[in-house]
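Inspection log for the structure reproduced underneath, given as structure tokens.
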Amino acid sequence: MSNSKKKVDWYKTVLGSRRIVEEMVVKSETQSNQIDTLEIMLSSKGSGSQKVGTLTTEQQVKVEDDIRQIYESILDDGQLPTLETTQHRSFVKYFLETNLPAGFIALDASHTWMIFWLVNSFLLLGGKIDEDMSNRISENILSYLNEDGGFGGGAGLISHVVSSYAAVMALCLSNDHHVLDKIDRQKTYEWLLSLKLEDGSFCMYKGGEVDTRAVYCALVIASVLGILTPELVAGTAEWLGRCQTFEGGFGGVPGDEAHGGYSFCAVAALSILGPPQEIITRHCDLKNLVKWSVNRQFQLEGGMNGRTNKLVDGCYSHWVGGIFPFLELATQCDLLDRAALKNYILICCQEENGGLRDKPGKRPDFYHTNYVLCGLSLCQHKAKHDPALMTEKLGASAFAYRVERIKDPQEDPANFIEPLHPIFGIPMNTVLKNREL
Amino acid sequence: MVVFEDFEWDDITPIDIAETTAPLCHILYTEEFKKVMGYAKALMAQKEYSERAYFITDEVINIASAHYTIWKYRFDIVVHLKKNLVQELDWCDNIAYENEKNYQIWPYRQQIIELLEKETESVDDLLKLEYPLLDIMIEQDSKNYHVWSHRRWLVEKFKLYRTQRELEFTNDKINLDVRNNSAWNHRFLVQFGDIESNSSCDKEYLRDEIILTKDKIDLCPENPSSWNYLQAIYKKFSVILLIEDLNLFAIQYTHLVENPRVISIQALELTAEIYQKSDKNKSEEIYELLSTTYDPIRKNYWSFCKNLLYQN
Ligand SMILES: [Zn+2]
């Protein structure tokens, strides 16, 4: 018998009130799967029992203790938190429109990112962009567009590949279907090509860093703007394949440690170039990638870490979680424990006053708000790759996804969140709207 | 110390930080930041490579180290003015200490080292400039991704494979924390990064490395880092090593021996893999056990592994 059932029985005897008891039963039944999962999570013995303690275990045990305590109190109450949609939406809206304090100067070169994270979060939470907001998004983002066809991370900054990814995505979100036409695609194409290196990779700007983020962002931009050519991606898939490490995940460049963020970028970038079931097996060791990815999820926490022996962090719900749609298509198997991840997100990542965070004790920020929400979307949906939507065109595969809500009668509709495009990381309908043109 | 007033600025009109009419995520800049950024942009616009320009980039980077445009500008200034490159690396050190998570420092540093390489005879002299910084930063944060990545770059650039210094360094870090996965990853690069997969390798050499790894596993049999490393050696050199040879070692940490000291999920998985050719039932049993008892969070994965047994 599950703890929640015990709890209901206890209420029955103590309260004797039918109405309250019935409400309790209904509530607990819509959540019984999540509660059962929580019990399995709590059955983990944790890392404290390991004989040789090191700095890694010291930090790990501290996080486990905190989270175990939180989960136990939830189980005692028999009540799972739901998604505080209203609070999160006002958090996002507030920070979009308010004047940010001087501490944000550190993010001065990340304006396109801040706007992207906040607007994306707002849409995932079911928010609607009105005309005023739509204009503000495009006016601001376009003010960062440079002569060379790329976007800077803020006003007067040189073009930067990942800033440009955030810029193009923000324009897609702006609900203005003609806004992408303001970009001179030929120029953008030549700019991207100028950042391509001989080995197939891309750098952020001349002299800037090279890594799988740059490759992913370059390919997304080219894909959305319809300027993906064989010339642009010659050798790129092979280079990405070389980034897979002996552990199975991908490093930022060949030889670097396997890491959640870089792995998502590598796998999603590959999936722009072909259907995951073909392209992943062609360029990397699928079984090892699966092994590495599933091992990022913690039994007790339910959330994921980004590297072997590192701590759980809400943003990896997307960076690592987001690899699973591709893996599930490639293997035709369920591989992730979605219920456990959902528990981590709803119980540990929500800040009471709005915003989402890395883990309990951390402050919410724009970045974590967006990627934790992306992770929650993943928990509720399943991606399908529809060959009927494919054409012969290079990159067509990226537009052949259907993302469907997993039918779960126990899911509280309060937790519903928009379906996410597995490659682009923005709501499905925003991709479709821009695609129709 | 050089200060703003040391330079003449009267001929420059600072460029204001451009604002749109209805900004989003508008930052309330400090007067100080507006000033230095305004001058930096004005100088940049006229492509001025001068001492005052060099000075102003330092000012901006100290306030906002992620301003990549300024990093690029500074590099051009360093080249044009033929600045002392060793001093430039020193400057870079200080920025690195203050900004552990910054992305720009490392490719910048690498560009400077490449310039310096042309001036310096000895690689050792160059590396002497790198090690103190790397040592201190890894001490501060033993898993700092950027710092390990820079070290990887040095190994590849200067062919430091199997050098005593790199091997000892990873050894020290692993001895300090056997779960430091960054150290294990670096060790793999140092040991085998320049060797093609499925090629041959001195068997004695491999044997020593395998013994060392097994010792580390025995110290902490639940540590995925050391298990992954061991299996990677066997996979990379599958021409001369047989994974089946790990059977006796792995089962020590499973229920298949009497009174195991500890049951290790990694050992169970490896054992199941080893048995997949000779005894599929046994593999299946182990996957079942992992799924129900030892590792239920990965029940989907264990059933995937079970399915794989009967494919191929
Ligand atoms: Zn995070």
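The values are calculated or read from the model by the stated rules, or taken from the named source; none is laboratory data. The model shown is predicted, which means the values in this text are computed figures rather than measured ones. Neighbour counts are summed over all protein chains in view; Cβ atoms, including those assigned to glycine, are modelled from backbone coordinates with ideal geometry. What goes into the accessible areas is simple: the full protein's heavy atoms, side chains included, and nothing from ligands, DNA or RNA. Shrake-Rupley method; radii C 1.70, N 1.55, O 1.52, S 1.80 Å.
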Distance between modelled label sites at B:Glu258 and A:Gln79, nm, 7 Å Cα→Cβ extension: 5.5
Set of aspartates and glutamates with alpha-carbon distance to B:Lys34 below 13 Å, sequence-local pairs under 8 removed: A:Asp108, B:Asp16, B:Glu19, B:Glu59
C-alpha long axis of helix B:31-45 to longest principal axis of chain B, angle in °: 80
Relative contact order computed over segment A:339-437 (Cα-Cα under 8 Å; 6+ residues apart), in percent: 19
Estimated distance in nm for a label pair at A:Gln87 and B:Ser238, the labels positioned 7 Å out from Cα along Cα-to-Cβ: 5.1
Hits among aspartates and glutamates - C-alpha to C-alpha of A:Lys407 under 20 Å, sequence gap 8 or more where chains match: A:Glu29, A:Asp36, A:Glu328, A:Asp334, A:Asp337, A:Asp386, A:Glu418
Carbon plus sulfur fraction of accessible area for segment A:225-347, probe 1.4 Å, in percent: 50
Calculated FRET value between B:Arg207 and B:Ser122, using beta carbons and R₀ = 30 Å, to 0.05: 0.30
Shielding by partners, peptide A:115-124 (average Cβ within 10 angstrom, other chains): 1
Those trypsin sites (Lys or Arg not before Pro) in segment B:1-104 that DSSP places in a loop and that have at most 11 other beta carbons within 10 Å: B:Lys47, B:Lys82, B:Lys101
With Cα atoms, 0 to 90° folded angle of helix A:18-42 axis to chain A main axis: 60
Ellipticity estimate at 222 nm from DSSP helix runs (n ≥ 4, -39,500 (n - 2.57)) divided over chain A, nearest 500: -15500 deg cm²/dmol
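Between the DSSP loop rule and a limit of at most 12 other Cβ atoms within 10 Å, which trypsin sites (Lys or Arg not before Pro) in segment A:338-393 are left?
On the way: sites: A:Arg338, A:Lys342, A:Arg357, A:Lys362, A:Lys382, A:Lys384, A:Lys393; in loops: A:Arg357, A:Lys362, A:Lys393.
Here the trypsin sites (Lys or Arg not before Pro) that fit, given the DSSP loop and packing criteria, are A:Lys393.
What pairs in A:Lys62/B:Lys214; A:Lys310/B:Lys72; A:Lys291/A:Lys393; A:Lys196/A:Lys291; A:Lys291/B:Lys214 have C-alpha atoms more than 24 Å from each other?
Details: A:Lys62/B:Lys214 28 Å; A:Lys310/B:Lys72 33 Å; A:Lys291/A:Lys393 32 Å; A:Lys196/A:Lys291 31 Å; A:Lys291/B:Lys214 21 Å.
Result: A:Lys62/B:Lys214; A:Lys310/B:Lys72; A:Lys291/A:Lys393; A:Lys196/A:Lys291 exceed 24 Å.
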Cα gyration tensor, segment A:69-214 - rounded (a/c under 1.5), prolate or oblate: prolate
Net charge, A:Glu328 excluded, C-beta distance under 12 Å - Lys, Arg +1, Asp, Glu -1: +2
Theoretical ellipticity at 222 nm over chain B - DSSP helices of four or more residues, -39500 (n - 2.57) apiece, nearest 500: -20000 deg cm²/dmol
Segment B:84-178: relative contact order in percent, alpha carbon pairs under 8 Å with at least 6 residues between: 24
Computed over chain B: relative contact order in percent, which uses C-alpha pairs under 8 Å that are six or more apart: 8
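Once R0 is set to 51 Å, what does the formula 1/(1 + (r/R0)^6) return for the Cβ-Cβ distance between B:Arg162 and B:Phe7, expressed as a FRET efficiency to the nearest 0.05? Could the numbers behind the result be given before it?
Numbers: r = 50 Å, r/R0 = 0.98.
Taking R0 as 51 Å, the efficiency between B:Arg162 and B:Phe7 is 0.55.
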Accessible surface, per residue, of segment A:213-276 when the full set of protein chains is kept, probe 1.4 Å, Å²: 18
Sparsely packed trypsin sites (Lys or Arg not before Pro) within segment A:145-212, loop by DSSP, other Cβ within 10 Å at most 12: A:Lys206
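Can you give me the accessible area per residue for segment B:207-267, using a 1.4 Å probe, in Å²? Walk me through the numbers on the way to the answer.
Numbers: 2660 Å² over 61 residues.
Ligands and nucleic acids excluded, the figure is 44 Å² per residue.
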For B:178-189, mean number of other protein chain Cβ atoms within 10 Å: 6
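Got a sec? What order do B:Val239, B:Val178 fall in by accessible area at 1.4 Å, biggest, i.e. largest, first?
Listed by decreasing accessible area, they come as B:Val239, B:Val178.
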